[in-house]
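The numbers here are math on the coordinates, done by the rules we state, and not lab data. Only a predicted model underlies this, so the values are computations on that prediction, with no experimental measurement involved. When we count neighbours, we look across all protein chains shown, and the Cβ atoms used for this are built from the backbone with ideal geometry, even at glycine.
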Amino acid sequence: MSNGAFEAMQRPPAPSDILLDVNDLVVHFPAGRRGLFGARSKVHAVDGVSFRVRRGTTFGIVGESGSGKSTTAQAVMQLIPVTAGQIIFDGDNIAEFRGEQLRLARRKFQIVFQDPFSALDPRRRAGALVREPLDLLGIGSPEQREARVGQLLEEVGLPPQAASQFPHQFSGGQRQRLCIARAMAPEPDLIVCDEAVSALDVAIQAQILNLLKRLQRERGLTYIFISHDLGVVQHFCDDVAVMYLGKIVEQAPAAALFSAPRHPYSWSLIAAAAPPGALRERLKKNYLVKGDPPSPVDPPPGCRFAQRCPFVIDRCRRELPILAVSNAGHLVACHRVDELGAPDFGAGM
Amino acid sequence: MTAPVLSVRNLSVSMQGSNGAVAVLENLSFDVAQGATMALVGESGCGKSMTALAIMRLLPEDFTVTSGSIMLDGEDVLGAAPAQLRALRGNRMSMIFQEPMTALNPLYTVGDQIGEVLRQHRGLSRRDATEQAINFLKVVQIPAAGQRVRAYPHQLSGGMRQRVMIAMALACRPRLLIADEPTTALDATVQAQIFDLLGELQDETRTAIVLITHDLGAVAELADDVAVLYAGRCIEKGPADQVILHARHPYTRGLMACVPQLKLGPAARTAPHSLDEIPGMVPPLGARGAECAFLPRCAFAGEVCRSRQQPPLDAVDSGAAVSCWRHREITP
């Protein structure tokens, strides 16, 4: 991110800058009973998540499995029922939309999934697959739709003859291009990329990332970019939220997050992803947490990260820290944020 | 220098397709010494996993080894009779896979599955095997090993399942361990733990490891040597630090450049540059010509590359070797 963009983040954005405003989003799933007559347990997949996405920017969500990043994406896309909270998209709370109203609103927000093969109907040709959203939303005349398909294929870097081929005739990278063309078809404002490059080989991953960047530049697209790969997130995102067990634990412009991370969980993630060398060894020794993330079923009170946090104190186990501003534009949910400060993450490299 | 644990010489594998045999691996040679780690890197379809399966003699039905040899401690793996193979696998060479859930039997406890290896190869009684299994679970740092030994795979997290796989694979202290993308399905913090664990166990057991991965960070951290595969051919190999820091082949350099490296500290405040990409994709099986397979994607391709056959591996100082006609001209 450029310095100008970084400074822009420090000012409260004008309302029209905000394309998506998620307020206190909660998604719980039922998880059976504890014992035959016990209370019903709940998976707290997303537990009070708030964030804003500025138009034309990329908002990254990182975290390990079970952190709720994909559930957040699916809730924003209205693909799963929301337990509580608002999802204000371009001024409308789409969490309240139902039926036809929701169906028509969908043309403005689209999603690209991790596995492009299972996202495409194997019995339909590429052209029909890309045209499908236009058909379903009744956009344009049949001739216009046909022309638009050709244009979309070209935009995502597929040859025109691709239209008559079936998904299995494409490579993984080409299939992901098809999925992107499909998502682009109704000219959305927002595209959610849920681990959209994670299953691809590194060379292909770079091609798809560059394609997404170019489309963003040309069309002013806004992205929510979900990934577990911090290097990719740093490269691709303007703002980043770090999620852990259904909560955002830290959120900041990418430049601020990676130059001076503040939450112990972010330290651990960064230590695990640091480039090889002496720095990585030091970070891993000091900050990498042990064990696996605990289950999001009925999480304990207090900080969700307390169980694994090397800096835990009693208060962390009792009291849930709220996500609060630590410096301009940098939000952290940790009781000890002031005390722990921002440790040295790479000076002297 | 002592004899290597694993010695692969001129290994070629082909697949029986509908239009005749197609080369999958061509002329692959490498050695792995005791206690050393050899990484095989490259994109999907380059033959990394096929190499592993050939060593384990687990190639799918349509695939055959057309030439070459694979020696494990001087013993011919390719010529081994079924009984000999059973004695080799699990005992002197073993393998861990990418997806621990599909590699573990969901109907048996993890203790039974680790114990099975010991009962088969070491002739331990059921009780002794279970006792040993608990010890191995402790070695791979699974908490509450005494209880976990009775757990079924679905009751464990992904990271713990991969630890169980490692315990199983190392139960007989094999001479050779093949790790095929052992952490790809795991979270980043768990990945780092698994790599640390593999490194620690290797220091102790002196097992030779063949690590198959696309994660160049893992290569830099774990591997002593690297072989970069492209379209079934080895295009660059050598000591890991040489190949990683001073890559010569345009493909290896491209692979390094297209991975966004995490920048930390003050460097994280600089604007990201646009990502280098390697255009096109790995040529599919059967569509590979006699010339350099990377030619259609190579930014440095010249007349010499088009007019000549696949370049041989050319040894350079520092112990590396690279298969590129122009590497001496284009290496910065």
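Remark: pairs (first residue in the stretch B:194-218, part of a loop (DSSP other than H, G, I, E, B); second residue surrounded by fewer than 24 Cβ atoms within 10 Å (Cβ to Cβ) and acidic (Asp, Glu); Cβ separation under 9 Å; 6+ apart in sequence or on different chains) = B:Thr213/B:Asp180; B:Thr213/B:Glu181; B:His214/A:Asp201; B:His214/B:Glu43; B:His214/B:Glu181; B:Asp215/B:Glu181.
Among the residues of the stretch B:1-20, those that are in a loop (DSSP other than H, G, I, E, B) and in contact (Cβ under 8 Å) with a residue 40 or more places away in the chain comprise B:Ala3, B:Pro4, B:Val5, B:Asn19.
Selection within the stretch B:173-226: residues that are more than 13 Å from B:Ser94 (Cβ to Cβ) and among the hydroxyl-bearing types (Ser, Thr, Tyr). The member of this set that is farthest from the chain's Cα centre (by Cα) is B:Thr189. For A:Leu200, the criteria (1) buried (at least 19 other Cβ atoms within 10 Å of the Cβ); (2) within 14 Å of another protein chain (Cβ to nearest Cβ); (3) in contact (Cβ under 8 Å) with a residue 60 or more places away in the chain hold in every case but one, which is (3).
For B:Leu197, the test of being surrounded by fewer than 21 Cβ atoms within 10 Å (Cβ to Cβ), of a type outside the set (D, E, K, R) and within 14 Å of chain A (Cβ to nearest Cβ) is passed.
Put simply, of A:Leu102, A:Leu120, A:Leu136 the only residue that is closer than 29 Å to A:Ser227 by Cα and in a helix (DSSP H, G or I) is A:Leu102. For the stretch A:271-301, the set of residues classified as touching a helix residue (DSSP H, G or I) at 6+ places or on another chain (Cβ under 6 Å), more than 8 Å from chain B (Cβ to nearest Cβ) and free of Cβ contacts under 8 Å to residues at least 60 places away in the same chain consists of A:Tyr287 only. Somewhere in the stretch A:303-312, is a residue in contact with a strand residue (DSSP E or B) (Cβ under 8 Å, 6 or more places away or on another chain), surrounded by fewer than 17 Cβ atoms within 10 Å (Cβ to Cβ) and of a type in the set (A, V, I, L, M, F, W, C)? No; the residues of the stretch A:303-312 include none that is in contact with a strand residue (DSSP E or B) (Cβ under 8 Å, 6 or more places away or on another chain), surrounded by fewer than 17 Cβ atoms within 10 Å (Cβ to Cβ) and of a type in the set (A, V, I, L, M, F, W, C). The residues of the stretch A:56-82 that are away from every other protein chain (no Cβ under 12 Å) and in a loop (DSSP other than H, G, I, E, B), listed by number, are A:Gly56, A:Thr57, A:Gly68, A:Met77, A:Gln78, A:Leu79, A:Ile80, A:Pro81, A:Val82. Just to be sure before I move on: is B:Ala267 surrounded by fewer than 18 Cβ atoms within 10 Å (Cβ to Cβ), touching a helix residue (DSSP H, G or I) at 6+ places or on another chain (Cβ under 9 Å), of a type in the set (A, V, I, L, M, F, W, C) and part of a helix (DSSP H, G or I) in the structure I sent? Yes. Restricting attention to the stretch A:216-230, does a residue exist that is surrounded by 24 or more Cβ atoms within 10 Å (Cβ to Cβ), touching a Leu at 6+ places or on another chain (Cβ under 8 Å), at the interface with chain B (Cβ under 10 Å from one of its Cβ atoms) and within 18 Å of A:Ala273 (Cβ to Cβ)? Looking through the stretch A:216-230, at least one residue is surrounded by 24 or more Cβ atoms within 10 Å (Cβ to Cβ), touching a Leu at 6+ places or on another chain (Cβ under 8 Å), at the interface with chain B (Cβ under 10 Å from one of its Cβ atoms) and within 18 Å of A:Ala273 (Cβ to Cβ).
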